[in-house]
């Protein structure tokens with residue numbers, strides 16, 4: 001099997017285990033079926049997610065120009081508390097920002113090697129949790145827009161992490177009796193006073209099941225430094241492909257890269 005094209009983040013379908021599809025060019029490749037098979041990946045170019053230019057990818061799948069101009073790479077994507085669309089104020093493109101910010105958002109707790117707090121659009125659950133490699137997740141607030149969720153997150157991250165430690169996430173080390181409800185109950189007092197009405201206890205903790213077992217060692221590599229790699233795909237977690245020897249490729253970090261992929265399915 002041979003494929004080529006621009007890498008986008010893997011599409012997922014929640015299940016036991018989660019099903020992964022590599023979005024490559026015009027193809028969706030069922031990656032679970034390739035676990036145990038030898039894959040060869042060669043980096044052959046770039047294609048910006050915004051303008052389709054072959055300029056080198058700068059960040060988040062965008063060339064440098066688009067990263068600093070596209071509303072899909074604005075500060076509010078990373079820092080929702082900076083959102084202003086609810087005030088009718090645009091940062092780069094008000095209409096696009098309205099389409100992102102003016103929807104119900106969820107503030108959640110997730111276990112990704114440590115307990116962290118996060119924010120995502122309600123429509124992105126459980127996709128956001130899967131992309132982060134969360135083993136457990138629990139919504140703790142539902143807001144009307146992105147700004148409100150961001151303000152809650154800002155307050156809570158004084159007491160909890162708000163970023164995923166990718167190495168701890170891939171170590172897959174957790175206690176079976178971990179209960180995020182305990183964390184939810186303890187941090188309620190840290191909700192900003194003006195946002196207490198968004199606090200929610202109605203959700204149950206969800207456990208996510210990945211086609212993955214942690215290897216003895218964990219080594220990340222990039223196509224920038226290793227333009228051609230080959231190895232046996234042993235598992236998938238978050239947006240990481242795990243190869244033999246504990247080598248990991250972060251698919252999300254390679255959005256906009258153009259590759260050739262060959263899968264040996266004769267094994």
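Things to note:
- Gap separating the Cα centres of the range 218-267 and the range 143-161, nearest whole Å: 34 Å
- Degrees separating the helix 146-156 axis from the principal Cα axis of the chain, which is the longest one: 80 degrees
- Comparing 134, 149, 214 in a Gaussian network model of the chain where C-alpha atoms under 10 Å apart are linked, the largest mean-square fluctuation is found at 214.
- Segments 136-142, 236-242 sorted - mean Cβ within 10 Å per residue, highest first: 236-242, 136-142
- Measuring between their Cα centroids, the range 185-203 and the range 69-101 lie 25 Å from each other.
- Using the Cβ-Cβ distance between residue 201 and residue 59 with R0 set to 45 Å, the FRET efficiency works out to roughly 0.75.
- Stretch gain in nm, segment residue 179-residue 252, where the contour uses 0.36 nm per residue and the Cα spacing is subtracted: 23.4 nm
- Fewest-first ranking of 247, 184, using other Cβ atoms within 10 Å as the exposure measure: 247, 184
- Theoretical gain in end-to-end length, residue 16 to residue 266 [0.36 nm per residue, Cα-Cα removed]: 87.4 nm
- Each peptide in 115-124, 198-207 was scored by the mean count of other Cβ atoms within 10 Å over its residues; highest first, the order is 115-124, 198-207.
- Fewest-first ordering of 251, 154, 107, 258 by other beta carbons within 10 Å of each residue's beta carbon gives 154, 258, 251, 107.
- Sorted by Cβ neighbour density within 10 Å, fewest at the top, the residues 78, 229: 78, 229
Every number here is computed from the coordinates shown, using simple stated rules; none is lab data. Computed from a predicted structure; not experimentally measured. Note: ideal-geometry Cβ built from the backbone for every residue, glycine included; neighbour counts use all protein chains shown.
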